[in-house]
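Data first, discussion second: the structure below is written as structure tokens.
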């Protein structure tokens, strides 16, 4: 019996020996709060996670001492232990609280290293540089939908971190936008400038038909399309006026209305307008007919007194019943002369002066005829107010002969009207105009029922302050009665 017991003890010893050699422990010894052979620790608990695991082995990151074992985390003790990259102790700018080397993107938030967050990369809450996400932080975070982030508005990036482009609905002043309504609106152009008539951008939403940055031939200054009759005068388009149609002062073709302009304007009271007298239209823009009281020469009327008396000066057929006494000749007495003769004529009835003959010294002469409405008196020293009717060459026939002056005239003088004439050569005494001294200027020289000729002055050529007072024209005034 004794031998068998020893054998049993020996067998148990051998069993334990062989078992320990294989790294195993007797389960019943781990957890007895005593450090048995091959146990790294024994806290009597036999549970994982407290530093001494259920097999009485020291868990990574822990140091266990005593029996029963007291286990403390090794990271943070200030000593670089196995498995640690560093040990601050605690968090430092270079070492995380888990004793790993600190770097942005390692997934461990290290505030001492200046990290506001660390999600191991870009997330909706944390930027790749370990700063908290916020549009305008200067870091583009695509996880939050940011297209860009310029740290505020830039020419290419809006304040809401979207790419800037005109028409995106976000006004970007740095990009040169005055406004941005995501397309044309009444106040904002499609090119992101503030809309106003005259800015050079046609904005249909604002009611503009066109915009040429001011008046042009096709666009009015109020940004409406230009057309004659639109009620807006467009001078660039050649309009003188625009009454929105015919008015008393403006023709339908946008020219200023006046009788004689060639455009009949009924609103202005015109019955016709042929740009002057025609056979059908009087010069005052009334329809021409015999008996209307308007003498229309183009219509063949010799006269028109507007009455129905056939036996007076003008018949009911608008023909003259009077005998015209043309021409009227002054005495050809001669006796004196110089360059020119200046005198007044007064019409007794409506006449048309058609020409002159004059007395000239023998030989070649250059003759000019001038006239002015009213008297010559006070108008002998210069040409102001005088109108030249013509110039020609003649051969003077000498004293006592009226030499024809080949200048055809058509100067109408109405009954009672006074007109001054200046018939002059370019010569001097003995080589120019022949006239008579006296009578006193203003004396009636010749007259008939049609015309009166008065004495005047002799002149130099050209006109100057010097005159020869009280001289009488020697010649003939030719005319037609009207």
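The values are calculated or read from the model by the stated rules, or taken from the named source; none is laboratory data. None of these values were measured; they are calculated from a predicted model. Reconstructed Cβ throughout: ideal geometry from the backbone, glycine too, with neighbour counts over all protein chains shown.
So here's what we get for this one:
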| quantity | calculated |
| --- | --- |
| Residue selected from segment 192-213 under the condition surrounded by fewer than 15 Cβ atoms within 10 Å (Cβ to Cβ) and over 14 Å from the mean Cα position of the chain (by Cα), by the criterion nearest to residue 252 (Cα to Cα) | 207 |
| In segment 86-105, the residues that are more than 60 Å from the chain's Cα centre (by Cα) and either at pLDDT 90 or above or exposed (fewer than 14 other Cβ atoms within 10 Å of the Cβ) (or both) | 86, 91, 92, 93, 94, 95, 99, 100, 101, 102, 103 |
| Close pairs (6 angstrom Cβ cut-off, 6 or more residues apart or separate chains): free of Cβ contacts under 8 Å to residues at least 40 places away in the same chain in segment 298-321, outside any loop (DSSP other than H, G, I, E, B) anywhere | 305/314 |
| Test for residue 433: is it surrounded by 15 or more Cβ atoms within 10 Å (Cβ to Cβ) and farther than 22 Å from residue 334 by Cβ | no |
| Flag if residue 404 is at pLDDT 95 or above, touching a strand residue (DSSP E or B) at 6+ places or on another chain (Cβ under 8 Å) and over 30 Å from residue 322 (Cα atoms) | no |
| The one condition in (1) out of contact with any strand residue (DSSP E or B) (no Cβ under 7 Å at 6 or more places or on another chain); (2) within 27 Å of residue 325 (Cβ to Cβ); (3) buried (at least 20 other Cβ atoms within 10 Å of the Cβ) that residue 463 fails to fulfil | (2) |
| Members of segment 214-257 found to be in a strand (DSSP E or B) and either in contact (Cβ under 8 Å) with a residue 24 or more places away in the chain or crowded, with 17+ Cβ neighbours inside 10 Å (or both), listed by number | 219, 250 |
| Out of 390, 416, 400, 378, sole residue that is within 20 Å of residue 337 (Cα to Cα) and surrounded by fewer than 16 Cβ atoms within 10 Å (Cβ to Cβ) | 400 |
